[in-house]
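The values are calculated or read from the model by the stated rules, or taken from the named source; none is laboratory data. All figures in this text were calculated on a predicted structure; none of them were measured in a lab. Methodologically, a virtual Cβ is constructed for each residue, glycine included, from the backbone with ideal geometry; neighbour enumeration extends over all protein chains shown.
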Amino acid sequence: MESSRIEILLEKYFQGESSIAEENELRKYFSSSDVAQHLLQYQPLFAYFSQEKEQKFTPEFPSQSRKKYWGWLSVAASAVVLLGIGTYVYHDVTAAKQELGTYDDPQVAFRQTQKALALLSNHVNTGIESVQYVQEYQNSKELVFKQ
């Protein structure tokens with residue numbers, strides 16, 4: 001090949017104006033052994049491009065391994081949720097036991113029970129009085145509005 005033609009192609013190549021066919025011609029020229037002395041500096045460039053073009057990327061990790069991680073992730077999330085619920089219930093039960101209070105002396109327990117029942121009785125009596133007022137209102141209404 002003429003070195004002047006190759007120089008023109010190199011100029012077009014570095015300007016970004018060369019076509020694919022011209023670039024293939026340059027690669028073919030620089031891969032041969034009869035390269036002009038003043039163009040030897042470009043030979044490693046085109047040799048590198050040819051070498052890298054043949055290299056293929058192979059992923060190191062298979063794509064199926066992510067599916068396995070998702071399965072284990074859901075198991076781990078379920079375990080964390082169950083552990084959280086168990087801890088909540090355990091602390092709730094122990095707190096409820098501590099709040100109830102216990103009495104060692106039966107007499108004290110009996111007096112406290114009587115107090116609690118008396119308080120409950122007062123509230124029930126108040127409710128019964130309210131119901132009696134409602135019953136009286138109902139009777140008055142029936143007298144006024146005969147149905």
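Here is how the numbers come out for the structure above:
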item: Hits in the stretch 32-47 (condition: of a type in the set (A, V, I, L, M) and either modelled with pLDDT under 80 or assigned to a helix (DSSP H, G or I) (or both)); result: LEU39, LEU40, LEU45, ALA47
item: Total residues in the stretch 1-31, condition surrounded by 13 or more Cβ atoms within 10 Å (Cβ to Cβ) and assigned to a loop (DSSP other than H, G, I, E, B); result: 2
item: Answer from SER121, SER50, SER78 - the residue that is modelled with pLDDT under 75, surrounded by 10 or more Cβ atoms within 10 Å (Cβ to Cβ) and in a helix (DSSP H, G or I); result: SER50
